[in-house]
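The values are calculated or read from the model by the stated rules, or taken from the named source; none is laboratory data. Here the structure is a predicted model, which is why all the values come from computation and not from measurement. Glycine gets a Cβ as well: all are built from the backbone with ideal geometry, and neighbour counts include every protein chain shown. All accessible areas refer to the heavy atoms of the entire protein, side chains included, with ligands and DNA or RNA removed. Shrake-Rupley method; radii C 1.70, N 1.55, O 1.52, S 1.80 Å.
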Amino acid sequence: MLVLAGDIGGTTTRLAFFAAGGPGLETVAQGNFPSREHGSLTAIVQAFAAAQGLVPERACFGIAGPVREGRVLTPNLPWLVDGGELAGLLGLARVGLINDLQANAYGISLLQDEDFATINAGQPDPTGTIAVISAGTGLGETMAVWDGTVHRPFPSEGGHADFAPRNELETDLLLHLRAEHGRVSYERILSGPGLVNLYRFLRDRRHLAETPEVVAQMQRGDQAAAISRAALENRCPLCGQALDLFISLYGAEAGNLALRSLATGGIYLGGGIAPKIVERLCRPAFMLAFTNKGRLSPLLETIPVRVILNDRTALLGAGRYAQLEPV
């Protein structure tokens, strides 16, 4: 069976044709496209399918945003994705549209040990609930429940839940961001733009000095990437403190998700940021924040925490969904 899968992110759209004849997926063709350089997903899919000369039997797309009645108004792109329109383009009765974090969760079962970095080995329950939290262009969260055969993920927009400060510094952060944005969600903090928000907060409210070289790099390109690189290379104390705060907040919210889902099967960190800062995530700060949950701290210490290193996970997951479900 030939399936067309897509991982639709705010930065990059990945498409692939997979041969789905067994438990795994074999890549037939793949293409990556800068999302903001195209007017719609339909245009990208049309160009990719025409270039490959292939006709899928099933198709599924994992998309950042809530799926409602077969349509998605993407929060980080000016697109309205319509499943019926895509189905008509591909000559299919229907296509699958799922949340991008659902796609990530479906893809985990197709990964190998080398596709993960372990932050906390814990005591994994193979049939326990798993959960995924992914910081990238935005923040996504989901959980997946064992149905006796596979883990079935649920759609979620948990990254847009209200930010809850834990101390005076974070309370000041909340007030600072609320003055600018009104309401403050975790996505305002745990994302690429969120790292920039933390940098500006520490600069403006804690009066930490900027490094001219980093300021110039931020003006020329990706601000979050410039901050994280400078922090990892110890070239900018302000950047280092911003990244440290980011990691502590990431650990705290990952722990919140573990509690909400009772993720005895494990917490997985997806998205584009975690693999780039994995060495810092493996230091004590992340797990200290993750496990600091009062009377339930001992439970959190038993939960495995792993970073997903394979950037094709959501793409594989969309293909897996198309393979499993009669879309």
Tabulated pairs, segment 188-212, first part of a helix (DSSP H, G or I), second β-branched (V, I, T) and modelled with pLDDT under 95, C-beta under 8 angstrom, 6+ apart or interchain
G192/T137; P193/T137
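Yes or no: segment 208-226 includes at least one residue that is in contact with a Phe, Trp or Tyr (Cβ under 6 Å, 6 or more places away or on another chain) and either among the aromatic types (F, W, Y) or closer than 24 Å to A254 by Cβ (or both). Break it down into steps so the answer makes sense when it comes.
Within segment 208-226, the first condition is being in contact with a Phe, Trp or Tyr (Cβ under 6 Å, 6 or more places away or on another chain), and the residues that meet it are none.
No - not one qualifying residue is present in segment 208-226.
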Does any residue of segment 14-32 turn out to be outside any loop (DSSP other than H, G, I, E, B), surrounded by 14 or more Cβ atoms within 10 Å (Cβ to Cβ), modelled with pLDDT under 95 and hydroxyl-bearing (S, T, Y)?
no
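So that you can scan it fast, the table gives a plain yes or no per residue for (1) open to solvent by less than 60 Å² (accessible area, probe 1.4 Å); (2) of a type outside the set (F, W, Y); (3) touching a Lys or Arg at 6+ places or on another chain (Cβ under 6 Å):
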position	(1), (2), (3)
Q46	no, yes, no
A87	yes, yes, yes
N99	yes, yes, no
S109	no, yes, no
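Within segment 182-222, track down each residue that is of a type outside the set (D, E, K, R), under 19 Å from I277 (Cβ atoms) and open to solvent by 30 Å² or more (accessible area, probe 1.4 Å).
Answer for segment 182-222, where residues must be of a type outside the set (D, E, K, R), under 19 Å from I277 (Cβ atoms) and open to solvent by 30 Å² or more (accessible area, probe 1.4 Å): P193, Q217, G221.
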Conditions (1) surrounded by 12 or more Cβ atoms within 10 Å (Cβ to Cβ); (2) in contact with a Leu (Cβ under 8 Å, 6 or more places away or on another chain): number failed by D244
(2)
Here is a check on your reading of the model: is G140 open to solvent by less than 60 Å² (accessible area, probe 1.4 Å), under 17 Å from I247 (Cα atoms) and either more than 16 Å from the chain's Cα centre (by Cα) or modelled with pLDDT of 95 or more (or both)?
no
Enumeration of residues in segment 50-78 that are free of Cβ contacts under 8 Å to residues at least 40 places away in the same chain and out of contact with any strand residue (DSSP E or B) (no Cβ under 7 Å at 6 or more places or on another chain)
A50, A51, G53, R68, E69, P78
Tell me, which residue of segment 289-303 that is surrounded by 14 or more Cβ atoms within 10 Å (Cβ to Cβ) and touching a Ser or Thr at 6+ places or on another chain (Cβ under 9 Å) is nearest to L139 (Cα to Cα)?
A289
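Out of the residues in segment 306-325 meeting the condition of being touching a helix residue (DSSP H, G or I) at 6+ places or on another chain (Cβ under 6 Å) and outside any helix (DSSP H, G or I), tell me which one is surrounded by the most Cβ atoms within 10 Å (Cβ to Cβ).
Per the stated criteria, the residue is V307.
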Checking the conditions here, which among I277, I267 is open to solvent by less than 20 Å² (accessible area, probe 1.4 Å), of a type in the set (V, I, T) and assigned to a helix (DSSP H, G or I)?
I277
Residue by residue through segment 274-327, note down the ones that are closer than 18 Å to P56 by Cβ, over 14 Å from the mean Cα position of the chain (by Cα) and not hydrophobic (A, V, I, L, M, F, W, C).
G319, R320, Y321, Q323, E325, P326
Failed item in (1) among the hydrophobic types (A, V, I, L, M, F, W, C); (2) open to solvent by 80 Å² or more (accessible area, probe 1.4 Å); (3) free of Cβ contacts under 8 Å to residues at least 60 places away in the same chain, with W146 passing the rest:
(3)
